[in-house]
1. Output yes when any residue across the range A:42-55 is within 22 Å of the chain's Cα centre (by Cα) and in the same structural domain as residue A:121 (by TED's automatic domain parsing), and no when none is.
2. Under the condition of being facing another protein chain (nearest Cβ under 7 Å) and within 13 Å of the chain's Cα centre (by Cα), which residue from the range B:9-19 is farthest from residue A:351 (Cα to Cα)?
3. Of all residues in the range A:204-243, which are surrounded by fewer than 23 Cβ atoms within 10 Å (Cβ to Cβ), part of a helix (DSSP H, G or I) and touching a strand residue (DSSP E or B) at 6+ places or on another chain (Cβ under 9 Å)?
4. Test of understanding: among A:137, A:152, which residue is outside the structural domain of residue A:310 (by TED's automatic domain parsing), modelled with pLDDT of 95 or more and in a helix (DSSP H, G or I)?
5. Taking residue B:68 as the residue in question, decide whether it is in contact with a strand residue (DSSP E or B) (Cβ under 7 Å, 6 or more places away or on another chain) and at pLDDT below 95.
6. Residue by residue through the range A:316-345, note down the ones that are crowded, with 24+ Cβ neighbours inside 10 Å and within 11 Å of chain B (Cβ to nearest Cβ).
7. Please pick out the residue among A:96, A:121 that is part of a strand (DSSP E or B), touching a residue at least 12 places away in the same chain (Cβ under 8 Å), touching a strand residue (DSSP E or B) at 6+ places or on another chain (Cβ under 7 Å) and assigned by TED's automatic domain parsing to the domain that holds residue A:33.
8. Just the residues that are outside any helix (DSSP H, G or I), more than 16 Å from residue A:325 (Cα to Cα) and in contact (Cβ under 8 Å) with a residue 24 or more places away in the chain, please, taken from the range A:342-370.
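The values are calculated or read from the model by the stated rules, or taken from the named source; none is laboratory data. All values reported here derive from a predicted model rather than from experimental measurement. Neighbour counts run over all protein chains shown; Cβ positions are idealised from the backbone, glycine included.
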């Protein structure tokens with residue numbers, strides 16, 4: 001895109017900037033470390049002041065889903081927050097939080113976005129704030145990204161009221177209620193879900209927490225509309241998404257079409273599926289699959305589709321033992337339990353222990369049944385998704401590495417490093 | 001009290017705040033038909049509230065409502081509360 005040299009006084013306010021070319025390159029068109037001038041040159045101006053509650057219908061038409069992990073329909077969050085902001089005798093103006101905590105250890109996409117395209121995130125934050133009539137807007141991210149966001153905020157007049165909040169570098173600090181708790185001065189721990197954040201969140205105000213990538217897409221939606229948004233991706237997964245490819249080979253962040261094929265993504269990353277034994281998709285709460293040609297989409301049959309979660313694609317080299325890798329991740333997740341909810345605090349270490357025994361040579365055929373028993377006991381019993389996400393990881397490992405389980409119980413490992421002796 | 005909810009008490013549920021629960025076990029003694037204890041003493045619902053997707057919402061019937069109220073008021077960690085569908089939104 002080249003910047004327009006038209007005299008601004010002759011430009012009609014309703015005229016939209018030229019649409020970016022069709023394709024999946026959307027979020028980084030302004031280049032590396034884009035300042036406000038490069039941002040405007042690439043995407044054209046956006047008058048956030050003209051955005052109102054009707055923007056929610058644009059978001060609904062776009063089919064945008066959250067890019068932080070849960071893939072919840074973004075318009076529903078906007079509508080719920082706006083609704084409770086207007087309801088009741090003591091109507092309270094909502095708060096919008098840009099969530100850039102990125103607690104997933106393997107994920108780099110939110111950091112990449114905040115470093116290179118902070119203005120797109122700010123656009124989305126301001127647009128979302130207008131749509132729900134919010135009186136406060138925050139960017140919540142780890143210390144390493146704050147400088148980039150701060151300099152973007154000071155570059156523009158319309159973002160002066162945006163406040164920055166530092167997130168601790170912990171797995172669960174990005175959980176929505178943990179973000180709210182942290183910004184209000186408490187620890188970054190999840191809250192009990194008796195009340196919804198959209199009803200009562202930060203200081204009792206209706207609170208909208210959206211991932212920074214989700215907001216960046218909102219910034220584009222406000223400019224180019226739902227039809228343009230849907231020109232990439234599929235009906236069930238429109239738009240584009242960022243993924244972090246990591247593990248075997250250098251780590252990289254790619255923007256891919258919604259519903260992209262796993263083989264296509266790996267190909268773009270320069271990895272051939274034949275070199276891999278398995279792929280973990282979504283993040284540490286994700287799902288292990290064989291490197292078959294699944295599609296990444298929040299919805300669809302599980303034999304053909306894997307949910308993209310936070311966009312992490314962790315590739316496992318054939319010489320690595322999937323059981324050992326899962327045991328290591330589960331141990332990490334157990335340590336990262338906030339220790340608030342008993343079933344998670346005790347159940348996750350118990351699961352990690354059994355997995356370690358399975359991965360490192362205990363030939364006890366009851367281990368698998370014990371893992372399944374623990375998973376069944378712990379599931380659905382916590383204030384947040386942490387125990388359930390961990391169970392999903394472990395269950396998918398038992399399924400995908402079932403041959404490895406048999407080999408381990410027979411006293412050998414099918415891989416050359418790690419695993420049974 | 002939920003005077004206007006007498007007819008729909010069947011749809012009420014007992015909410016367990018896992019961040020407060022310490023596994024003291026009082027609720028499992030008062031509501032043996034609804035709750036059992038896990039390996040560490042924390043309550044497990046025998047049956048979760050349909051459609052809630054969480055095992056922190058325990059469906060209660062009118063028969064159990066009295067005991068459920070008692071559990072709410074006796075829980076030493078104040079981890080329990082009763083919910084009715086209309087309160088959820």
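1. No.
2. Going through the range B:9-19, the residues facing another protein chain (nearest Cβ under 7 Å) turn out to be B:15, B:17-19.
Still in the running and within 13 Å of the chain's Cα centre (by Cα): B:15, B:17-18.
On the way: B:15: 26, B:17: 23, B:18: 19 Å.
Of everything passing the filter in the range B:9-19, B:15 is farthest from residue A:351 (Cα to Cα).
3. A:226
4. From the options A:137, A:152, the qualifying one is A:152.
5. Values: in contact with a strand residue (DSSP E or B) (Cβ under 7 Å, 6 or more places away or on another chain): yes; at pLDDT below 95: no.
Criteria not met by residue B:68.
6. The answer is A:341, A:343, A:344.
7. When all the criteria are applied, what remains is A:96.
8. Kept after step one, since they are outside any helix (DSSP H, G or I), are these residues of the range A:342-370: A:360-366.
So of that shortlist, the ones also more than 16 Å from residue A:325 (Cα to Cα) come out as A:362-366.
Within the range A:342-370, A:363, A:364, A:365 qualify.
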